[in-house]
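Peer 1: My questions will all concern the structure given below.
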Amino acid sequence: MKAFRLDDLDAERAANDGAYLRFLRERNMSAGLYALPAGGTDTQSPHPQDEIYLVVSGRASITVGEETTHVARGSVVYVPAGTPHRFHHITEDLRVLVVFSPPEG
C-alpha cells in the first residue's frame, strides 16, 4: 500500500517551486497534485493520456475541447486523451488531484 497526505504533497510541491508534483507512477496510472494561484494562468498542453481531475480546493472554470464549466471543491472532470483543456478565471487558489491513465511520462 502507498498512502499520502494532501498537506504533505502540497508542501513538497511548493518547496520545489512547481505547479505540479507527480507523487505516484504505476504500471497503469499515475497521479499528481496541480496547483494554480487565484488569477494565475494554466499553460498546460493536451496530454496523450486520459485524465481525471478532482478539485480539492479553490474555484475556477475549465474548458475541455469546446465545453466550459465552473469547478469548485468536489468537482470531478474527465479529459479524453489529446483534448485541449485549460483552467481559467481562477478566483480562489486551486488545488487539483490529477490521475492519468496510462501513466504520464
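The values are calculated or read from the model by the stated rules, or taken from the named source; none is laboratory data. Computed from a predicted model, the values in this text were never measured in an experiment. Neighbour counts are summed over all protein chains in view; Cβ atoms, including those assigned to glycine, are modelled from backbone coordinates with ideal geometry. Accessible surface is based on the protein model in full, side chains and every heavy atom, while ligands, DNA and RNA are left aside. Shrake-Rupley method; radii C 1.70, N 1.55, O 1.52, S 1.80 Å.
Peer 1: Counting each pair of different Cα atoms once, what's the Kirkwood radius of the chain in Å, rounded to one decimal?
Peer 2: 13.9
Peer 1: Next question. Please report the net charge: other residues with Cβ closer than 10 Å to the Cβ of Glu104, K and R +1, D and E -1.
Peer 2: Details: positive: Arg22, Arg25; negative: Glu51.
That sum, taken over residues with Cβ under 10 Å, equals +1.
Peer 1: Rounded to the nearest 500, what is the 222 nm mean residue ellipticity of the chain from helices alone, with -39500 (n - 2.57) per DSSP H run of 4+ residues and division by all residues?
Peer 2: Here the helix-only value at 222 nm equals -3000 deg cm²/dmol.
Peer 1: Let me ask another. Show me, bin by bin at 5 Å from 0, the whole-percent P(r) of the stretch 17-73 based on Cα pairs.
Peer 2: The calculated distribution, bin by bin, is 4, 13, 24, 30, 18, 8, 2, 0.
Peer 1: Still on this structure, I have one more. Could you do me a favour and compute the accessible area per residue for the stretch 14-105, 1.4 Å probe, result in Å²?
Peer 2: 54
Peer 1: Can you give me the C-alpha center-to-center distance between the stretch 67-105 and the stretch 1-39, rounded to a whole angstrom?
Peer 2: A separation of 14 Å, based on Cα centres.
Peer 1: Separate question: Quick one: pull the percent of accessible area on the chain belonging to carbon and sulfur, 1.4 Å probe, ligands and nucleic acids left out.
Peer 2: That fraction is 52 percent.
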